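Asker: Structure below; questions to follow.
The values are calculated or read from the model by the stated rules, or taken from the named source; none is laboratory data. Remember, it's a predicted structure, so these values are computed and weren't measured experimentally. All Cβ positions, glycine included, derive from the backbone under ideal geometry; neighbour counts span all protein chains shown. Side chains are part of the model used for accessible areas, which takes the heavy atoms of the whole protein and leaves out ligands, DNA and RNA. Shrake-Rupley method; radii C 1.70, N 1.55, O 1.52, S 1.80 Å.
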Amino acid sequence: MRSYSLIAPAKINLHLEILGDRVDGYHELAMLMQSIDLADTIDLHPLSTDIIRVHCNHPLVPPDKGNLAYKAAQLMVEEFPEVFARFGGVEITINKQIPVAAGLAGGSTDAAAVLVGLDMMWQLGLTRPELQELGAKLGSDIPFCLTGGTAIATGRGEEIDSLLGIDSFYVVLGKYRRLTISTAWAYQTYRTQFGHSYVRNAERLASSAARVHSGPLVKAMINKDGVQIGQLLHNDLEKVVLPTTPQVAQLKEAFQNTGALGTMMSGSGPTVFALCESEAQALEVQHQVRVAIPDPDLDFWVSKFSNQGIQLASPVS
Ligand code: C5P
């Protein structure tokens, strides 16, 4: 049986709108997601014993059952017990490049890579929709991470409508190393503060979600109009994170004071990104913010839009 090495890209949210509550306790969302080429590498090696083993080079990523990549392998074992009995377990090695608990779907993309890798290793021949259905059981961002590129995500984030790939823009990501934000906390706090304004009528929910499809941001994306995209960036979760986390608010302000096309927090934060039209502009924006906030705890990454989700790095024998 072969080993596999997969590339698992991070995502940013160009638009994140919270529409209302769901009976499953989650939120009804309308998002525009974008893959970037900052990526983890996930290696899968078959084991002759019936064990799932996880290794990661990052101290904050648990190498145990709490790891989303472990949970993805466990789900595959539960779904395909005879195949697991025939082929045995797997050793998962995560080379973490994406910052953890940062609003960049780092854990979700690793889990998506495990689903794709085990599908290949166990020769299951699952379709993309079948993999997405499995992924949705583990986390709302996983169906998007499987497909990647540029996509509208609705429902709890698991209903994906891919747009034509756009890979011409760059982003600078800024994140304080020791700052992490719990996604569950961000959504719960939003519900407490803004729940009164949630859309409760099913028809209005559907039309609000549909508005994103025909809205100006999607038009700007199709036209590759960076100035418009920069002006139309939106994230409702900023309303709860910026007032409670001054470092994030200051970082956003510092990005705003550069010549970047636009700036926004990604997902539930605390990563803030600045949209740029070229790598040279991204490096200049990074330099300006580094000078404005000379904090050694503040990390930066320059990354390019990517039109791909989980990819095979190379089949290892
Ligand atoms: O789906 P995932 O496990 O990534 O979500 C993490 C947490 O974020 C959930 O437990 C929930 O509290 C919140 N969430 C939400 N509505 C969504 C997605 C996430 O309330 N659509």
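Asker: Pairs only if they're at least six apart or on different chains, beta carbon under 8 angstrom, first in the range 37-56 and assigned by TED's automatic domain parsing to the domain that holds residue 72, second acidic (Asp, Glu) and part of a loop (DSSP other than H, G, I, E, B); list them, first residue then second.
Answerer: 54/64
Asker: For the structure I just gave you, tell me whether residue 65 is surrounded by fewer than 23 Cβ atoms within 10 Å (Cβ to Cβ), closer than 24 Å to residue 137 by Cβ, at pLDDT below 95 and within 16 Å of the ligand (Cβ to nearest atom). Let's see the steps before the verdict.
Answerer: On the way: surrounded by fewer than 23 Cβ atoms within 10 Å (Cβ to Cβ): yes; closer than 24 Å to residue 137 by Cβ: yes; at pLDDT below 95: yes; within 16 Å of the ligand (Cβ to nearest atom): yes.
So residue 65 fits the description; yes.
Asker: Go over the candidates 115, 131 one by one and state the one that is modelled with pLDDT of 95 or more, surrounded by 17 or more Cβ atoms within 10 Å (Cβ to Cβ) and within 16 Å of the ligand (Cβ to nearest atom). Break it down into steps so the answer makes sense when it comes.
Answerer: On the way: 131 fails: within 16 Å of the ligand (Cβ to nearest atom).
One residue alone meets the criteria, 115.
Asker: With respect to residue 60, determine if the residue is more than 16 Å from the ligand (Cβ to nearest atom) and open to solvent by less than 70 Å² (accessible area, probe 1.4 Å).
Answerer: Values: more than 16 Å from the ligand (Cβ to nearest atom): yes; open to solvent by less than 70 Å² (accessible area, probe 1.4 Å): no.
So residue 60 fails the test.
Asker: On to the next question. Does the range 241-249 contain at least one residue that is open to solvent by less than 30 Å² (accessible area, probe 1.4 Å) and free of Cβ contacts under 8 Å to residues at least 60 places away in the same chain? I'd like the intermediate steps shown before the answer.
Answerer: In the first step, residues of the range 241-249 are kept if they are open to solvent by less than 30 Å² (accessible area, probe 1.4 Å); the result is 241, 245, 248.
Add one more test, that the residue is free of Cβ contacts under 8 Å to residues at least 60 places away in the same chain, and what stays is none.
No, the range 241-249 contains no residue that is open to solvent by less than 30 Å² (accessible area, probe 1.4 Å) and free of Cβ contacts under 8 Å to residues at least 60 places away in the same chain.
Asker: Please determine whether any residue of the range 171-184 is touching a Cys at 6+ places or on another chain (Cβ under 8 Å) and under 20 Å from residue 10 (Cα atoms).
Answerer: yes
Asker: Name every residue in the range 4-63 that is of a type in the set (Lys, Arg) and either over 30 Å from residue 229 (Cα atoms) or outside any strand (DSSP E or B) (or both), in order of residue number. Spell out the reasoning first.
Answerer: Within the range 4-63, the subset of a type in the set (Lys, Arg) is 11, 22, 53.
Matches in the range 4-63: 22, 53.
Asker: Next question, about the same structure. What's the total number of residues in the range 134-143 that are within 9 Å of the ligand (Cβ to nearest atom), surrounded by fewer than 22 Cβ atoms within 10 Å (Cβ to Cβ) and in a helix (DSSP H, G or I)?
Answerer: 2
Asker: So if I check each of 105, 101, 85, which one is on the phi > 0 side of the Ramachandran plot, open to solvent by 30 Å² or more (accessible area, probe 1.4 Å) and either away from the ligand (no atom under 14 Å from the Cβ) or in contact (Cβ under 8 Å) with a residue 24 or more places away in the chain (or both)? Lay out the reasoning, then the answer.
Answerer: Working: 105 fails: open to solvent by 30 Å² or more (accessible area, probe 1.4 Å); 85 fails: on the phi > 0 side of the Ramachandran plot.
Checking each option against the conditions leaves just 101.
Asker: Next question, about the same structure. Looking only at residues in the range 145-201 that are open to solvent by 70 Å² or more (accessible area, probe 1.4 Å), assigned to a helix (DSSP H, G or I) and not hydroxyl-bearing (Ser, Thr, Tyr), which one is farthest from the ligand (Cβ to nearest atom)?
Answerer: Going through the qualifying residues, I end up with 196.
Asker: Can you confirm whether the range 70-80 contains a residue that is under 30 Å from residue 199 (Cβ atoms), within 15 Å of the ligand (Cβ to nearest atom) and among the hydrophobic types (A, V, I, L, M, F, W, C)?
Answerer: Applying the first criterion (under 30 Å from residue 199 (Cβ atoms)) to the range 70-80 yields none.
No: the range 70-80 contains no residue that is under 30 Å from residue 199 (Cβ atoms), within 15 Å of the ligand (Cβ to nearest atom) and among the hydrophobic types (A, V, I, L, M, F, W, C).
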